[in-house]
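J.: Okay, handing you the structure first.
Readers should treat all values here as calculations from the given coordinates under stated rules, not as data from a laboratory. Owing to the predicted nature of the structure, the values given are computational and were not obtained by experimental measurement. Cβ sites come from the backbone with ideal geometry, for glycine too, and all protein chains shown count toward neighbours.
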Amino acid sequence: AQSVTQLGSHVSVSEGALVLLRCNYSSSVPPYLFWYVQYPNQGLQLLLKYTSAATLVKGINGFEAEFKKSETSFHLTKPSAHMSDAAEYFCAVSYGGATNKLIFGTGTLLAVQP
Amino acid sequence: NAGVTQTPKFQVLKTGQSMTLQCAQDMNHEYMSWYRQDPGMGLRLIHYSVGAGITDQGEVPNGYNVSRSTTEDFPLRLLSAAPSQTSVYFCASSYDGQGIMRPLHFGNGTRLTVT
């Protein structure tokens, strides 16, 4: 079955440090890949998406992700964490088609320490 | 432009009661879906619809019904609530991808507790 795995349910970084959130997908067919962010008591917001164009994708709030087919990975990074980045981050995968189904990972809660 | 609106924000039910979670979008999106979010499990797809009059099951459809009589509305019905349905429910919509993946727009969720 198609799936997506996020390593680390909780990640803590210091303000100004590199943020790295890991995501791996299971498929031999390159999927569409997404990162969403969820702030407390809110719905999910799209951070960025990969749709088979450039392998390095830039998103909002200084985040970016690199698609690596050889590693089946789509890790999310930000060079310098800000307190406002504290949130839960979800990786999601889709294989296209009219159904638009997204399969979500279990999420990574990012804490940013002052 | 309100986006995706979910009501109510909070709800407490007793086991066996029924209720409807409302979802409305004003973006003329063909695709609408319902997810439930549980700790450590991410979001799981309950039901989805690719247009008015068309619905289909997702990963966890048991105990839930949906209908899509208009483009704007996609209510989720709990037929006989069970404690296992305690969760946060999200409605999401997007343009019909026609094979191209479109990002989902999410509502702010309904927190449901079944006692």
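J.: Looking at chain B as a GNM with Cα springs under 10 Å, which of B:ALA82, B:ALA24, B:ALA92 has the largest mean-square fluctuation?
T.: Sorting by GNM fluctuation, first place goes to B:ALA82.
J.: Percentage of Cα-Cα pair distances in chain B greater than 21 Å, rounded to whole percent?
T.: Details: 2009 of 6555 pairs.
Above the 21 Å cut-off, chain B has 31 percent of its Cα pairs.
J.: How large is log10 I(q)/I(0) at q = 0.13, 0.14, 0.18, 0.19 Å⁻¹ when the Debye formula is applied to the Cα atoms of chain A, each weighted equally and without solvent?
T.: Listed by q, the Debye log ratios stand at -0.45, -0.52, -0.86, -0.95.
J.: With 10 angstrom as the radius, rank A:HIS10, B:HIS47, A:HIS82, B:HIS105 by how many other C-beta atoms surround their C-beta, starting from the fewest. Don't jump to the answer; show the numbers that get you there.
T.: Numbers: A:HIS10 10, B:HIS47 23, A:HIS82 13, B:HIS105 20.
Fewest to most other Cβ atoms nearby, the residues stand as A:HIS10, A:HIS82, B:HIS105, B:HIS47.
J.: Same structure, new question: Where both partners of a DSSP beta bridge lie in the protein assembly as shown, what percent of those bridges are antiparallel, to the nearest 5?
T.: Numbers: 66 of 75 bridges.
The antiparallel proportion sits near 90 percent.
J.: Sticking with this structure for a sec: For segment B:57-80 and segment A:38-97, what is the centre-to-centre distance using only Cα atoms, to the nearest Å?
T.: Going from one Cα centre to the other spans 29 Å.
J.: What is the sum of charges, Lys and Arg at +1 and Asp and Glu at -1, for the other residues whose Cβ falls under 13 Å from the Cβ of B:THR55?
T.: -1
J.: Provide, for q = 0.25, 0.26, 0.27, 0.32 Å⁻¹, the log10 of I(q)/I(0) from a solvent-free Debye sum over equal Cα point scatterers in segment B:20-66.
T.: Here log10 of I(q) over I(0) equals -1.01, -1.06, -1.10, -1.27.
J.: Turning to a different aspect of this structure: How long, wide and thick is segment B:51-100, going by the Cα atoms along their three principal axes, in whole angstroms, largest first?
T.: The Cα atoms of segment B:51-100 stretch 37, 22, 16 Å along their principal axes.
J.: Most exposed first by the Cβ proxy, i.e. fewest other Cβ within 10 Å, how do A:TYR95, B:TYR35, B:TYR64 rank?
T.: Working: A:TYR95 16, B:TYR35 27, B:TYR64 19.
Neighbour counts put them in this order, fewest first: A:TYR95, B:TYR64, B:TYR35.
J.: Here's another thing I want to ask about it. Obtain the radius of gyration and the Kirkwood radius of the protein assembly as shown from its C-alpha atoms and give Rg over Rh. The partial results should precede the final answer.
T.: Numbers: Rg = 17.6 Å, Rh = 18.1 Å.
That ratio is 0.97, to two decimals.
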